[in-house]
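The values are calculated or read from the model by the stated rules, or taken from the named source; none is laboratory data. Not measured: the values here are computed from a predicted model. Glycine also receives a Cβ, built like all others from the backbone with ideal geometry; neighbour counts cover every protein chain displayed.
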Amino acid sequence: SPSRDAVPQFAMSESKIHADQIDTDVRVVRSLLAEQFPQWARLPLMAVPTSGTENAVYRLGDEMAVRLPYRPGQDDQIEKLDRWLSRFAPHLPLSIPEVLARGASTTTFPAAWSIVRWIEGGEATLEGLENPIATASILAEFVRALVAIDATGGPTPGTHNSWRGVPLASRDDMTRRCIRESEQLVDTEAIMRS
């Protein structure tokens, strides 16, 4: 169980991944909780390191997590998550986030945010998997179940979801440009061969 005394007091966005990224830290989260969800404001709170690109995550007590979007203008995502995650959950073989509360934008934090149920675990890495083949089978079962869900009325591609769902061919030019611009970061020749 996280200890309030051991809460790291650092900004999660020291190395920004978005030009318009919103700075967050434990103090910001505490103030949001105190203002909007005082019943949870005194629970232990701890920043969670993540390689995710959309949200800063803070563990709240033993059973919840606070998700703060890195960028403003993502307010519709919480409504979308609330609607669709609850619809998908009964059909999936693994736990997925469950939205417990929606926080509103404030002068301290200029975006809607959410509190979700904590799911125990960590980021999957090949080195960290005891049985990669069994894990791949579980993942395949999850994907099969996800694809089988009727998504009628689901969100269409747009700015709200970074145009997810468009035909991949429409992203070819942009992808090739981004690969060329990443020469100092990755082996771009190997990427282009694959």
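Could you list, in sequence order, the residues of the range 22-36 that are surrounded by fewer than 17 Cβ atoms within 10 Å (Cβ to Cβ) and not basic (Lys, Arg)?
Of everything in the range 22-36, those that are surrounded by fewer than 17 Cβ atoms within 10 Å (Cβ to Cβ) and not basic (Lys, Arg) turn out to be Asp23, Ser31, Ala34, Glu35, Gln36.
Tally the residues that are within 22 Å of Arg71 (Cβ to Cβ), touching a residue at least 24 places away in the same chain (Cβ under 8 Å) and not hydrophobic (A, V, I, L, M, F, W, C), restricting the search to the range 19-58.
Adding up the residues that qualify gives 10.
Scan Pro72, Pro44 and give me the residue that is of a type outside the set (Ser, Thr, Tyr), at pLDDT below 90 and over 11 Å from the mean Cα position of the chain (by Cα).
Selected residue: Pro72, the only one of Pro72, Pro44 that is of a type outside the set (Ser, Thr, Tyr), at pLDDT below 90 and over 11 Å from the mean Cα position of the chain (by Cα).
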